[in-house]
1. Could you give the nm distance between label points at B:Thr5 and A:Arg13, where each point is 7 Å from its Cα heading toward the beta carbon?
2. With a 1.4 Å probe and every protein chain left in place, work out the accessible area per residue of segment A:17-105 in Å², rounded to a whole number.
3. If packing is taken as the mean number of other Cβ atoms within 10 Å per residue, what is the order of B:34-40, A:48-54, B:87-93, highest first?
4. Residues of segment A:45-65 with accessible area at least 10 Å² lower in the all-protein-chain context than alone (1.4 Å probe)?
5. Hey, can you find the accessible area per residue of chain B for me, probe 1.4 Å, expressed in square angstrom?
6. Interface A/B, total buried accessible area with a 1.4 Å probe, nearest 100 Å²?
7. Using a 1.4 Å probe over the heavy atoms of the protein chains, calculate the carbon and sulfur portion of the accessible area of segment B:1-110 as a whole percent.
8. Enumerate by residue number the trypsin sites (Lys or Arg not before Pro) in segment A:61-93 meeting two conditions: DSSP loop (anything except H, G, I, E, B), and at most 11 other Cβ atoms within 10 Å of the site's Cβ.
Amino acid sequence: DGGITQSPKYLFRKEGQNVTLSCEQNLNHDAMYWYRQDPGQGLRLIYYSQIVNDFQKGDIAEGYSVSREKKESFPLTVTSAQKNPTAFYLCASSDGTGGIGELFFGEGSRLTVL
Amino acid sequence: AQSVTQLDSQVPVFEEAPVELRCNYSSSVSVYLFWYVQYPNQGLQLLLKYLSGSTLVKGINGFEAEFNKSQTSFHLRKPSVHISDTAEYFCAVSDVRSGGSNYKLTFGKGTLLTVNP
């Protein structure tokens with residue numbers, strides 16, 4: 001089945017450590033996105049990529065980094081510079097020629113900093 | 001820039017009762033409007049969207065929403081809810097000038113719908 005796979009589902013990290021969240025899609029979508037979700041805050045865009053080897057900062061990019069070396073993959077690194085990294089992270093993709101506003105989401109990765 | 005306000009953070013209802021989840025938006029230009037649903041510990045799924053045309057939009061799982069330009073609202077309704085509708089619902093907006101660029105979607109803070117037996 002086509003879809004978006006995020007891993008790991010749960011991740012614990014000590015302060016000062018970098019962690020990388022994986023996002024893989026087999027929908028052949030050009031665009032991919034990373035969102036952060038905090039209780040009562042809705043979704044906030046961290047980074048997005050509309051094409052391989054190109055990505056742009058979203059609203060809250062500080063303390064995060066990404067790469068887009070393959071169409072299928074868009075990993076997110078939460079660096080030690082991110083002051084409050086505990087959150088639920090959602091990866092999404094969309095077809096540039098398809099439905100407006102139609103994002104396809106993975107099941108998320110929950111990061112807890114101890 | 002556009003913004004979205006979901007007026008209720010939580011809405012408890014009994015099974016088989018009707019429900020309305022309220023969403024208001026602010027934008028200086030024409031907008032596209034969306035409702036997404038998030039079941040516990042999962043990603044979001046598109047319920048329905050308004051791009052143009054009929055102001056009453058029907059979506060999946062028996063939900064519908066009505067676009068009201070004069071009141072800048074896009075409320076979500078269902079005539080009879082089920083336990084399985086328990087989830088968080090997000091309203092989202094993007095402006096028409098963006099040409100539908102999905103990275104310009106602005107999400108509301110969500111409304112948690114809890115359906116009780």
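The values are calculated or read from the model by the stated rules, or taken from the named source; none is laboratory data. Note that the structure is predicted; figures quoted are calculated from it, not measured. As a convention, Cβ positions derive from the backbone with ideal geometry for all residues, glycine included, and neighbour counts pool all protein chains shown. Calculation scope for accessible area: heavy atoms of the full protein, side chains included, ligands and nucleic acids excluded. Shrake-Rupley method; radii C 1.70, N 1.55, O 1.52, S 1.80 Å.
1. It is 3.5 nm.
2. 45
3. The peptides rank, most packed first, as B:87-93, B:34-40, A:48-54.
4. The answer is A:Leu45, A:Tyr48, A:Gln50 - residues whose exposure falls by at least 10 Å² when every protein chain is included.
5. Value for chain B: 47 Å² per residue.
6. Heavy-atom accessible area buried at this interface is about 1800 Å².
7. It is 47 percent, rounded to a whole number.
8. Here the trypsin sites (Lys or Arg not before Pro) that fit, given the DSSP loop and packing criteria, are A:Lys83.
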